[in-house]
Structures are given as C-alpha cells and as structure tokens.
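Notes follow once the structure below has been shown.
The values are calculated or read from the model by the stated rules, or taken from the named source; none is laboratory data. None of the values given here were measured: they were computed from a predicted structure. With ideal geometry, Cβ positions are generated from the backbone for all residues, glycine too; neighbour counts draw on all protein chains shown.
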Amino acid sequence: PPNLNVAYVGILCIKKTKKPKRLSLVSHVLSFSTPSFRIVMSFLLMQQQKPVIIIGGGLSGLSAAKRLKEAGVPIILLEGRDRLGGRAHTVDIAGNQASWVELGPFWIEDHLTNPAYHLLRDIGAQVHQHDIGPSTVRIYDRRSARWLGWTATLWAFIKLGWSFSRFGKLRRNTAAFKNLGERIDVVLGKRPKREHLYLFKIFSESLNGGSTYDTHQNQLSDDLWEFTNHDEKSQVLIAGGFRLLVELLRDSLSADEVMLNQTVSRISIQQDTSAQAPVKVETADGNSFEGSNVIVTVPLGVLKAGTITFDPPLPTSKQDVIERIGFGSVEKVVMTFKNAFWRRHSQKQDHFFSIPDPIGSHGSFFDVSMSSGTGPGSPTSPCLASVFGPPKAAWVAENPDAAVEEVLSELQMLFPDTYEPPVATAASNWTTSPFSGGCYPYTSVDTQPGDFIKFAEPTHDGRVLFAGDTCAVGVALGYVEGAMAAGERAADAVIATVTDSQSA
C-alpha cells in the first residue's frame, strides 16, 4: 500500500541519517505525513526512547508500571526480593490453597469508594465484611484472669467512640499537648479502665505503627495534614488476599520488564541534560541500568536507612523530610488450625483481645478464616492473626520462633479446654527486613504540615520521582490505595514529559 511504501522510504532515510539528527528528521516528517505514516514513525520514536526505571515491585511500583505501559512508555521494574507485592504479602501457610493469610495489610477500608476494591470487583474477587465491635470481639483481662461480660465490652466500645469524638473537640487547641499519648491521657481521664486504655492503644499504636508518645498529637486531624482519614464505614477481607491485586497488576507486564533479586544501591543523574540516558541505576551485585527517569517506590524505611545512594545527593530539604516523617512497626503471627476452637458459635467470626499486664500493644487476635480460601465455594481453614504494635513488634521480627511459641502459649491459657495445636504458623519481619525497615508511615512529633507534599515532589530536575504510601497526598496515608494512587501520579508526570518532548 502507498502509505507503507512511504513509511519504508522514511525508515531508510532515518537509518542513513547521522544519529544526532535522527529525532529532528522524524519530527519533521511527522509534521506533514499521512496518519498511517505517523503511527509507524511514532513507534520508531518509542523504540528509541530510554526506559523509565521503577525501583520497587510493591503495589505502588506495579501501578506505575501498568500506567506507563498503557501509555506506550518503555519500563524496567527492579525488585530486591524474589517476589512482587512488597508489603502486600499473602501466604498459603499450610500449602493447601485454603489457608491464605495476610502478613501485610489485612483489609480494605471504605470499600465502596476504594479504587483497590473496584479493581478486584472487576475480576470477580469475593470480599467478606470484617466487623470489629462488641458483637464480634471478646476481651480478656490478664490481671483479673477473666473474660469481660458483654455489657462491659459494649461499654468499652461506646467509650472508644466517645473518646474519638472528644478527640475531635480537642483538635482546636493544637499547642496543648506534646504528643498523641498526652492527648489520650487527658481524654481518658486520670484513672481509666484497663479495657478502655487498651482499646485506644490498639487503635493508635497497632494501626499507626508508632508509639503514641512519638506520634504527633494531631495524627487523626484531616485539617492539618495533606492526607485523608478513612470514614471507616466498612472493612472487608479479600478471599485469597491482596495477592489477587498483585497478580492483576503483574499480568499487565511482560517477563522482560520485571527483574527480581535486584537490590538497588545507587542512582546517578547525568549533569548533561542532553544525554540520551540521563539516569543510571546500579545494584548491589554489579548490574547497571540506564533510563530516562527513575520512579523510587521503596518504603520510607529504606530511604531512612540510606542504603540507596543518590548522585548528586538528594536536596537537604528532602533529606530533612525523610528524617521527620515517622515509619512504624507492626508485626503479625499467623496460624491455621483444624478447628476454630476459639469461637463461641462455629460459623461466626470471633475476634478477641487479651489485655496484658502491664498494658502493651499486643494481645489482639483477629479471626481471618473467611478470607483464607480462593473465592466463592472454595474451601477455607480456621485462621488467626495475632498483631503486635511497638515496641513488641521489633522483638517479633527478631525472634519469630519465640513469638510463635508465646502466642500459642497465650492461646492455651485463654482456651484451656478447647485448645489444639496449629497446622501451620508464620511470622512477619517487616521491621528487620532491608527491603522495608518497618510497616508504614505516620506523623511523628517532628513531622510538619507540608512534609508529605515535599516528600512526594520530584528531584534532580524531574528525573527522580517518588511514589509509595508515604506519598499519599489526598488519599489515606499508609494504605494500599494511597500507594497505588502515588504510583499512578508519578507515572502520569513522566507521561506528560514524554508527550511534551514529542510535541516539541
């Protein structure tokens, strides 16, 4: 056909043209060619374009990769682990396809308005309501060695709701307290009941990941920070876990675009803005990759550890923000059993909290059996997850076997007549892993308004972009949808740059 003949002649001309004039010739030809010819030439331009290098194969990095690939931008995704997903890690601890348990995020908040849920719904994933309240939670006080009655449990949750309401009123005086812990002490009064204090600690330390006395007093205030807080109208568990979301994003990429076991150690930016490969990424085992831009999606804990060197260094303002924002620790011990011996009713979800003495942010057990299968009609297994907040989380990460033994001993103490040994167990180690250095960000006492916006800003003349759950500007900090949105936002910034350069 005539159009293809013209395209063929154009290709021959390009091949005979000296390299420095190649792009200008293509752009000139594109200005007057036919639509079919422009398609061919645009493809040639894309082939010459250096890839965007994405560091980190978690949900943020995968979301960025998917968005870039859909726009026709070449990519290379580097992941230090031998798997994708990052902190979204679902394990089949018994290896029977019926005991899938989350070592990372548990549930999806406010699922009807959550984009992560919409992606899962489109592929037919099944979700289960995850209720945490007086009808599904029992509380055991180790000091008195007794289970609280239903009335006391109900009152504890009413007190929790009242305390959060009281918290909102105290926000008006932003200079009244040094940290979140002091605010909790004032809200609960001088002699709070142990169950009231414990519930507040569970919803602050175990969910935020930081000690209440190292957390900013306005952690829960929407009007001070750049991120939003969930309305918590719903919480759902995913049948089969977040691995379904990881697989969905992974399947949009080809095998040669994803490289595992690549621990990035250095990112270099060429000072010459006309360089064809302005970005060079090096790994710990000596591999190097060249690209046009780099999107850094590694957790904040990795940047705090300084295991990735930037050349030239990150601006001082960026380094200060990395230092000021907190990065918390939450660990889990997960177990599967033959029978759900802890339940009062065999088919009903049953969580329970065991208040330690003295009070600490551990002893919470969540019944996650409903999500242990792979979908509608699939078999499930009775599964429990015990969650540890700071400071005990660090001990769990360093001593997983001892942590499992401690949890099982506690279960024997709580259910002496019905306890049975587990079929399989596992423990997380986010705090000690060099690929995370913790779980998720929080507003420390040193965090300043605007820090999350500054953290999300690109550096090195726009060549280095940042994504991940710490870049949750306008969405929930530390949550899956925040990480995914940040990855897509960074990808869109690169796409806009590519589009502008092609237009020029």
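Key figures
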quantity: Where I139 falls short, out of the listed (1) under 21 Å from H230 (Cα atoms); (2) crowded, with 16+ Cβ neighbours inside 10 Å; (3) among the β-branched types (V, I, T); calculated: (1)
quantity: Residue check, N261 on the phi > 0 side of the Ramachandran plot and not basic (K, R); calculated: yes
quantity: Single residue of segment 202-255 satisfying the filter (aromatic (F, W, Y) and at pLDDT below 85) that is nearest to Q97 (Cα to Cα); calculated: F203
quantity: A424 being modelled with pLDDT of 95 or more, buried (at least 17 other Cβ atoms within 10 Å of the Cβ), in contact with a Ser or Thr (Cβ under 7 Å, 6 or more places away or on another chain) and closer than 28 Å to F242 by Cβ; calculated: yes
quantity: Count of segment 430-460 residues which are crowded, with 19+ Cβ neighbours inside 10 Å and within 19 Å of the chain's Cα centre (by Cα); calculated: 16
quantity: Verdict on K318 being in contact (Cβ under 8 Å) with a residue 24 or more places away in the chain, under 24 Å from A397 (Cα atoms), outside any loop (DSSP other than H, G, I, E, B) and charged (D, E, K, R); calculated: no
quantity: Matching entry among K201, K178 (being in contact (Cβ under 8 Å) with a residue 24 or more places away in the chain, within 31 Å of the chain's Cα centre (by Cα) and either within 21 Å of R343 (Cβ to Cβ) or not in a helix (DSSP H, G or I) (or both)); calculated: K178
quantity: Test: residue in segment 235-247 that is in contact (Cβ under 8 Å) with a residue 24 or more places away in the chain, in the same structural domain as A125 (by TED's automatic domain parsing) and surrounded by fewer than 18 Cβ atoms within 10 Å (Cβ to Cβ); calculated: no
quantity: Test for V298: is it under 20 Å from the mean Cα position of the chain (by Cα), surrounded by 18 or more Cβ atoms within 10 Å (Cβ to Cβ) and in a strand (DSSP E or B); calculated: no
quantity: From S221, S206, S211, residue being buried (at least 22 other Cβ atoms within 10 Å of the Cβ), under 30 Å from G161 (Cβ atoms) and not acidic (D, E); calculated: S211
quantity: Selection within segment 326-367 - of a type in the set (D, E, K, R) and farther than 25 Å from C439 by Cβ; calculated: K338, R343, R344, K348, D350, D357
quantity: In segment 345-365, residue farthest from V396 (Cα to Cα) [restricted to those that are of a type in the set (A, V, I, L, M, F, W, C) and not in a loop (DSSP other than H, G, I, E, B)]; calculated: F352
quantity: Within segment 61-175, strands (runs of 3 or more DSSP E) holding 1 or more residues that are in contact (Cβ under 8 Å) with a residue 12 or more places away in the chain and among the aromatic types (F, W, Y); calculated: 100-102, 137-141
quantity: Among (1) surrounded by fewer than 18 Cβ atoms within 10 Å (Cβ to Cβ); (2) among the hydroxyl-bearing types (S, T, Y); (3) touching an Asp or Glu at 6+ places or on another chain (Cβ under 7 Å), the one test that S378 misses; calculated: (3)
quantity: Of all residues in segment 215-263 being in a helix (DSSP H, G or I) and in contact with a helix residue (DSSP H, G or I) (Cβ under 9 Å, 6 or more places away or on another chain), the one that is nearest to I308 (Cα to Cα); calculated: E257
quantity: Unique residue being in the same structural domain as S206 (by TED's automatic domain parsing) and under 30 Å from V473 (Cβ atoms) when the list is F388, F415, F435, F365; calculated: F388
quantity: Among (1) aliphatic (A, V, I, L, M); (2) buried (at least 19 other Cβ atoms within 10 Å of the Cβ); (3) closer than 28 Å to M484 by Cβ, the one test that L148 misses; calculated: (3)
quantity: Count of segment 61-72 residues which are closer than 10 Å to A491 by Cα and crowded, with 24+ Cβ neighbours inside 10 Å; calculated: 5
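A quick yes/no check of all residues on (1) loosely packed, with under 15 Cβ neighbours inside 10 Å; (2) under 26 Å from P278 (Cβ atoms):
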| position | (1), (2) |
| --- | --- |
| K304 | no, no |
| T309 | yes, yes |
| P313 | yes, yes |
| K318 | no, yes |
| V321 | no, yes |
| I325 | no, no |
| M335 | no, no |
| K338 | yes, no |
| R343 | no, no |
